[in-house]
Amino acid sequence: MRLRFWGTRGSLPVALGGDGVRDKVRAALRRAEGRSFPSEAALDAFIEGELDFATSHGYGGNSSCVEIIGGDNTVICDMGSGLRELGQQVMQDYGPGQPRRYDVFLSHVHWDHIMGLPFFAPAYIPGNEIHIHGCHTVMEDAFRRQQSDPCFPVHWEDMGAEFAFHQMQPGQKYRIAGFDIAAIKQNHPGDSYGYRLERNGKSAVYSTDGEHKQDSESETRQFVDFLAGADLLVFDAMYSLADMVSVKQDWGHSSNIVGVDLCHRAGVAHYCLFHHEPIYDDYDLQRIHQETRRYAEIMNQGQPLQVSMAYDGLEIEL
Ligand SMILES: [Zn+2]
Ligand SMILES: [Zn+2]
């Protein structure tokens with residue numbers, strides 16, 4: 001099983017602006033002071049080996065979309081703005097003449113998780129099948145309303161692909177697209193659902209847009225049981241703990257620190273922070289990644305926890 005992240009930002013897509021570019025250029029030039037680079041290879045080696053991630057790369061700005069590779073079809077969690085680039089890649093890989101089936105697991109229908117569909121090229125091609133699975137009863141209505149006057153010129157009925165909506169129930173087990181799948185309800189305005197996907201002895205949990213207050217042991221226990229022994233947790237770590245405790249409590253999201261605690265309790269091997277706050281720039285996100293790693297090391301009581309910060313383009317092999 002392999003996960004490819006196409007969109008990792010929460011609430012709203014963001015783009016790196018001119019000031020952000022300037023900050024990175026400045027940081028790179030400062031680091032390169034007094035150095036010379038006799039070849040392109042030497043320059044690349046410097047960029048890859050000596051610049052920090054926030055300067056040389058960055059986390060990207062598309063909203064939630066993760067591809068799970070290794071099953072029978074193209075399997076996707078959420079249809080945020082990252083879905084547009086996923087669609088372009090599929091078109092490049094398979095061409096428009098080859099019909100494909102897509103299975104999508106939807107955490108919820110907030111706009112940042114469905115806004116990519118009108119820009120998903122395979123949705124306009126007859127012969128393609130797009131199966132949308134989720135626990136909300138309003139899924140189809142939400143997609144239809146997103147593509148209705150006066151907000152969008154192409155109506156739902158004019159999409160070329162065939163769509164099917166599949167109602168799931170939390171707590172039940174399903175076999176879809178070659179994965180064993182279960183869902184769990186999460187605290188979020190209008191509810192959201194996390195998904196556990198298993199195949200060939202490997203397991204990944206996709207859990208975004210959920211607030212874990214940890215003031216109810218039975219609720220926490222239920223989530224810990226859902227995570228138990230997972231190889232990977234992709235987790236809504238939208239806020240830093242300081243933000244979470246001061247102003248953003250009850251906003252329906254979690255912090256980097258809460259995710260570490262849950263992983264330690266559940267024996268998760270790899271923790272991936274996801275759904276990044278759009279206000280944070282690349283240097284903020286890099287700092288949160290380092291602090292989270294440090295916290296995970298300090299709190300570690302046995303098996304070490306690998307900590308990743310999701311970015312657009314990241315791939316994780318399980
Ligand atoms: Zn969201
Ligand atoms: Zn949401």
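The values are calculated or read from the model by the stated rules, or taken from the named source; none is laboratory data. If you're wondering where the values come from, they're calculated on a predicted model, not measured in any experiment. Cβ: placed from backbone, ideal geometry, glycine included. Neighbour counts: every protein chain shown.
Tabulated data
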| item | result |
| --- | --- |
| Where residue 76 falls short, out of the listed (1) surrounded by fewer than 17 Cβ atoms within 10 Å (Cβ to Cβ); (2) without any contact (Cβ under 8 Å) to a residue 60 or more places away in the chain | (1) |
| In the range 204-213, the residues that are in contact with a strand residue (DSSP E or B) (Cβ under 6 Å, 6 or more places away or on another chain) and away from ligand 2 (no atom under 12 Å from the Cβ) | 204, 205, 206, 207 |
| Residues that are outside any loop (DSSP other than H, G, I, E, B) and surrounded by fewer than 15 Cβ atoms within 10 Å (Cβ to Cβ), drawn from the range 3-19 | 18, 19 |
| Within the range 25-72, considering residues that are more than 30 Å from residue 7 (Cβ to Cβ) and not in a helix (DSSP H, G or I), the one nearest to the chain's Cα centre (by Cα) | 32 |
| Residues (buried (at least 17 other Cβ atoms within 10 Å of the Cβ) and either at pLDDT 95 or above or among the β-branched types (Val, Ile, Thr) (or both)) located in the range 232-254 | 232, 233, 234, 235 |
| Residue pairs meeting the criteria (Cβ under 6 Å; at least 6 apart or on separate chains; first in contact (Cβ under 8 Å) with a residue 24 or more places away in the chain and within 12 Å of ligand 1 (Cβ to nearest atom), in the range 90-117; second part of a strand (DSSP E or B) and of a type outside the set (A, V, I, L, M, F, W, C)) | 106/134; 107/192; 107/193; 108/192; 112/63 |
| Residue ID - surrounded by the fewest Cβ atoms within 10 Å (Cβ to Cβ), chosen from residues in the range 277-314 that are without any contact (Cβ under 8 Å) to a residue 40 or more places away in the chain and farther than 21 Å from residue 232 by Cβ | 298 |
| Any hit, the range 206-218, residues being more than 15 Å from ligand 1 (Cβ to nearest atom), in a strand (DSSP E or B) and in contact (Cβ under 8 Å) with a residue 60 or more places away in the chain | no |
| Test result for residue 190, surrounded by fewer than 21 Cβ atoms within 10 Å (Cβ to Cβ), small (Gly, Ala, Ser) and more than 20 Å from the chain's Cα centre (by Cα) | no |
| Top-ranked residue of the range 108-158 - restricted to ones that are closer than 27 Å to residue 206 by Cα, touching a Ser or Thr at 6+ places or on another chain (Cβ under 9 Å) and part of a helix (DSSP H, G or I), ranked as farthest from ligand 2 (Cβ to nearest atom) | 122 |
| Condition met for residue 86 (part of a helix (DSSP H, G or I) and more than 20 Å from residue 315 (Cβ to Cβ)) | no |
| Tally, over the range 223-240, of residues that are within 20 Å of residue 180 (Cβ to Cβ), more than 16 Å from ligand 2 (Cβ to nearest atom) and either out of contact with any helix residue (DSSP H, G or I) (no Cβ under 6 Å at 6 or more places or on another chain) or not β-branched (Val, Ile, Thr) (or both) | 10 |
| Long-range neighbours under 9 Å by Cβ, at least six apart or interchain, first residue within 12 Å of residue 60 (Cβ to Cβ) within the range 1-15, second assigned to a loop (DSSP other than H, G, I, E, B) and of a type in the set (Val, Ile, Thr) | 14/279 |
| So residue 298, is it part of a helix (DSSP H, G or I), over 21 Å from residue 12 (Cβ atoms) and of a type in the set (Val, Ile, Thr) | yes |
